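Let me begin by presenting the structure, written as structure tokens, before commenting on it.
Throughout, read-outs are computed from the coordinates displayed, never taken from laboratory work. Nothing here was measured: the structure is a model prediction, and the numbers come from that model. We place every Cβ from the backbone using ideal geometry, glycine too, and count neighbours over all the protein chains shown.
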Amino acid sequence: MADAAPAGGSAARGGFRGGFGGRGRGRGRGRGRGRGRGRGKDDEKSWTPVTKLGRLVQGGKIKSLEEIYLFSLPIKEFEIIDFFIGASLKDEVLKIMPVQKQTRAGQRTRFKAFVAVGDFNGHVGLGVKCSKEVATAIRGAIILAKLSIIPIRRGYWGNKIGKPHTVPCKVHGKCGSVHVRLIPAPRGTGIVSAPVPKKLLGMAGLQDCYTSARGQTATLGNFAKATFNAISKTYSYLTPDLWRDQPLMKTPYQEYTDYLMKNHATSGVQRQEVKKY
Amino acid sequence: MSSDIEHPVCKKCGKYSQLVVQVYCPVDSSDYHRTMYVFCCSDKLCWTTNEGWTVYRMQCLPQGPKTSAILVSKPNSSCQWNDDDDDEWNDDFKEESVIEDLETTSSKPSDLAIGLESLSLSGNMPYTTRFPQLSKCSTLPCFPSNYINVFECEAAENRAVDDTYVNELIKKYNDEAEEDHTESCRITLHTEAYEKTERKDNCLHKFKKVIDICPGQVIRYSWMGSPVHIKESGNQSIVPICPSCGCKRGFEFQLMPALIPYLKNLDLDSAEVEFGTILIYSCSKNCWKGAAKEEEHIVYCPDPDLKYFKSQKT
């Protein structure tokens with residue numbers, strides 16, 4: 001190719017002009033490693049962020065997931081979650097069920113997958129995805145579950161000895177007709193509930209909890225979502241220990257929180273670090 | 001022809017712009033050599049708007065082989081804009097030498113995917129002495145140069161996906177379902193309905209899906225095709241018609257977020273150029289009246305969640 005250039009310049013041009021395809025492929029051949037990269041092992045580790053938040057996370061400017069929650073930034077790339085707590089995250093398929101749709105040509109069956117992810121230490125997410133194939137539904141549900149990860153506040157039933165083990169107060173969540181109520185329980189009780197919320201509460205890191213459910217709990221989707229709504233309310237509940245106006249605390253990750261503080265647009269967001277139990 | 005061209009300046013602040021990408025992309029219907037150059041201002045206030053970016057299109061007819069030698073000196077870190085008009089028939093020549101150079105040097109080639117293929121030549125750029133005015137601006141900021149690979153875009157369905165982990169989960173679920181007999185005995189009166197996935201940002205999800213086909217992609221080229229948008233509402237910007245021939249402008253190529261890590265100034269410690277995606281529109285008839293250059297239209301699309309970050313003014 002190199003020798004063809006000066007003399008047969010135009011000829012080479014003509015060949016090239018014949019179509020992008022031929023020439024381009026020739027060019028790509030020398031360098032073409034991984035044509036249309038499939039998800040090999042290398043690709044899983046190398047993540048090219050698409051959003052600005054993703055770039056900040058990859059650049060190490062944000063130290064923990066809690067900082068993103070503190071500033072209420074929307075997480076739109078699941079790799080951000082993987083970056084922070086991916087190692088301790090466990091996925092579990094709650095249910096796979098076929099759903100049917102009546103069409104003129106008969107019935108069209110698709111699979112609906114419910115996946116819960118959690119690190120058994122204060123973070124849990126729930127994802128629901130419908131797809132024509134089971135594997136695709138599960139894959140999609142895992143990603144959606146990671147995107148919906150939420151922090152959970154844990155508290156004590158009685159004496160504040162040891163680590164928090166139960167919900168800090170009675171909370172309830174509702175989805176459809178299903179109404180789920182979570183009640184603090186003494187240490188050693190375990191999670192007293194139906195199997196589906198039991199898995200979710202376990203993944204959240206709650207060790208003891210009483211539950212009370214009402215409504216059509218057979219609809220698994222609504223039951224799981226109601227429990228999820230209930231546990232996500234733990235951090236929005238104003239308990240007496242938060243009454244006192246706390247000054248802005250310096251966190252150990254000051255330089256990185258500072259980055260977000262400097263670059264985060266002001267909005268009515270709680271700027272204090274809530275005491276993480 | 002080359003001596004008529006001045007280094008572009010930013011329309012907003014008047015400072016010299018820096019070269020971001022150059023794409024050699026002849027159109028099938030015409031014989032011309034054709035290159036697109038994209039420039040951006042180094043000032044943060046400028047590269048957040050359409051006016052801070054400049055796109056030039058340069059064409060020339062293919063001529064016989066040139067006998068004069070090209071000065072291939074070490075790339076000077078100060079000025080690196082190389083006007084390729086006179087050198088374009090030596091594309092192949094330079095290309096091959098670039099490939100060899102890169103094999104031996106430590107500079108990493110960047111892996112990228114392009115829609116319909118297009119080529120680009122930012123290798124170790126030879127510094128030509130044909131621009132005396134550039135030698136004055138020795139403090140011109142510039143980005144380090146990289147080579148861009150060309151791939152043809154394949155459809156998402158053809159990709160092989162690794163399903164081993166998912167299959168493990170399915171197996172675990174089936175094992176548990178067999179043990180749990182009460183579940184199977186229960187008659188569910190309520191059947192679940194198909195649930196459409198509600199997403200925070202559907203547009204960004206589609207954008208990400210396109211990128212996931214080849215994660216490192218930097219440019220998507222599609223002559224008169226349609227761009228992949230990063231934000232739904234940003235599509236109302238009106239693309240002006242070509243000033244020289246009066247024809248409509250169509251989409252040509254777009255710059256993707258994976259390009260951002262490469263746009264770091266070597267000498268200055270300024271902030272990185274940021275964008276969501278950058279769309280370049282050019283004359284649909286590819287008009288050429290023999291002028292030095294044609295200026296094309298560029299649309300700057302910021303990151304969709306920019307409102308959560310303080311404005312890029314400081």
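Structure data summary
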{"quantity": "Long-range amide H partners of B:Ile219 with built H, under 5 Å", "calculated": "B:Ala113, B:Met256"}
{"quantity": "Using θ = phi - 60° and Karplus 6.51 cos²θ - 1.76 cosθ + 1.60, couplings along segment A:158-175 (whole Hz; Gly, Pro as x)", "calculated": "x, 5, 8, 10, x, 7, x, 9, 9, 5, x, 7, 6, 10, 9, x, 9, 8"}
{"quantity": "Distance between segment A:190-212 and segment B:1-54 - C-alpha centres, whole angstrom", "calculated": "60"}
{"quantity": "For segment B:230-250 versus segment A:129-158, the gap between their alpha-carbon centres in whole angstrom", "calculated": "41"}
{"quantity": "Among A:110-118, B:32-40, the order from most to least packed when residues are scored by Cβ within 10 Å on average", "calculated": "A:110-118, B:32-40"}
{"quantity": "Förster radius 56 Å - calculated FRET efficiency between A:Arg244 and B:Glu179, Cβ distance, rounded to 0.05", "calculated": "0.65"}
{"quantity": "Given A:Lys198/A:Lys225; A:Lys52/A:Lys76; B:Lys12/B:Lys231; A:Lys76/B:Lys307; B:Lys208/B:Lys231; A:Lys52/B:Lys196, the pairs whose alpha carbons are separated by over 18 Å", "calculated": "B:Lys12/B:Lys231; A:Lys52/B:Lys196"}
{"quantity": "Entries of A:Lys129/B:Lys200; A:Lys90/B:Lys209; A:Lys129/B:Lys172 with Cα pairs more than 21 Å apart", "calculated": "A:Lys90/B:Lys209"}
